[in-house]
Amino acid sequence: MPKLKTKSGAKKRFKFTATGKVKSGVAGKRHRLISHNSKYIRQNRGTKVMADADARKIKSYMPYA
């Protein structure tokens, strides 16, 4: 069987935890932050673990991760 290619956009955006869950950056933190309140900005700091339904799709993009 030939090797499967990894989607290069996915390898830049997602990392895996030790248990195999998918981590990603939080959306909505690039610009127009003046329209968001402080609680929104504070709670969306760092990374989040993706939902299982979304993680299944990401794992198909990264077959060897």
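The values are calculated or read from the model by the stated rules, or taken from the named source; none is laboratory data. Predicted model, so just to flag it, every value in this text is computed and none were measured. All accessible areas refer to the heavy atoms of the entire protein, side chains included, with ligands and DNA or RNA removed. Shrake-Rupley method; radii C 1.70, N 1.55, O 1.52, S 1.80 Å.
For the chain, what is the relative contact order in percent, using Cα pairs closer than 8 Å and at least 6 residues apart in sequence?
Working: 53 pairs, mean separation 28.0, N = 65.
Here the relative contact order equals 43 percent.
Among the listed pairs Lys21/Lys59; Lys21/Lys48; Lys7/Lys29; Lys12/Lys48, those with a Cα-Cα distance over 20 Å are Lys7/Lys29. Quick one: plug the Kirkwood hydrodynamic radius of the chain (C-alpha pairs) into Stokes-Einstein at 37 °C, 0.692 mPa s, and report D in µm²/s. Diffusion coefficient, whole number: 243 µm²/s. Seen against the Cα atoms of the chain and their longest principal axis, helix 52-61 is set at about 50 degrees.
Of the solvent-accessible surface of the chain, computed with a 1.4 Å probe over protein heavy atoms with every protein chain present, carbon and sulfur atoms account for 53 percent.
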